Amino acid sequence: MLTASQKRHLRSLAHGLNPVILTGAGGLSENLLSELDRALEHHELIKVRVNAEDRESRDAMIESMREAVKADLVQRIGHIAVLYRPAKEPRLKLP
């Protein structure tokens with residue numbers, strides 16, 4: 001679980017990032033989840049664009065992704081979610 005100061009720090013780091021994972025309205029597949037897992041292991045902090053019809057389905061997809069890869073949700077604005085998971089050898093320093 002991230003503290004408020006850690007989330008604030010990660011939000012500032014994520015500000016200039018572009019989404020590396022784009023989901024369709026078709027939902028989550030095993031391939032998408034494995035790509036998400038690889039992206040988190042490599043980058044630790046990523047943006048994901050979730051294209052779903054309504055807010056409830058977007059929230060459900062984000063929560064399912066977060067649980068599947070055991071990541072923390074740093075921020076969610078509209079269709080974009082910022083996820084963080086430390087790598088086996090962390091590169092990002094948290095306050």
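May I ask you to list, by number, the DSSP H helices of the chain whose Cα span along the axis is at least 24 Å and whose average Kyte-Doolittle hydropathy reaches -0.5 or more?
The answer is none, since no helix passes both cut-offs.
Where Lys and Arg each count +1 and Asp and Glu each count -1, what net charge lies around E89 among other residues with Cβ under 14 Å from its Cβ?
Residues close to E89 contribute a combined charge of +2.
Counting pairwise Cα distances across the chain, what percent come out greater than 18 angstrom?
The share of Cα pairs beyond 18 Å in the chain comes to 40 percent.
With the chain treated as a Gaussian network of Cα nodes joined by springs under 10 Å, which of E56, E35, E44 yields the largest mean-square fluctuation?
Comparing E56, E35, E44 in a Gaussian network model of the chain, the most mobile one is E56.
With springs only between Cα atoms under 10 Å, which of H43, H79, H15 fluctuates most in a Gaussian network model of the chain?
Result for the chain, Cα springs under 10 Å: H15 fluctuates most.
With springs only between Cα atoms under 10 Å apart, run a GNM on the chain and tell me which of L32, L73, L83 wobbles the most.
L32
Using the 10 angstrom Cβ neighbour count as an exposure proxy, how do K7, K70, K88 rank, fewest first?
K88, K70, K7
So which aspartates and glutamates pass the test for K7, namely a Cα distance under 15 Å, with those fewer than 8 places away in the same chain ruled out?
By straight Cα distance, K7 reaches E44, D72.
Which whole-number percentage describes the relative contact order of the chain, with Cα contacts under 8 Å and a sequence gap of 6 or more?
RCO, the chain: 34 percent.
Checking the cross-link filter: which lysines have an alpha carbon closer than 16 Å to that of K88, excluding same-chain neighbours under 8 positions apart?
Excluding near neighbours in sequence, the set is K70.
Bear in mind these aren't lab numbers, they're just calculated from the coordinates by the rules spelled out. This is a predicted model, so every value here is computed, not measured. Here Cβ is always computed from backbone atoms with ideal geometry, including for glycine, and neighbour counts include all displayed protein chains.
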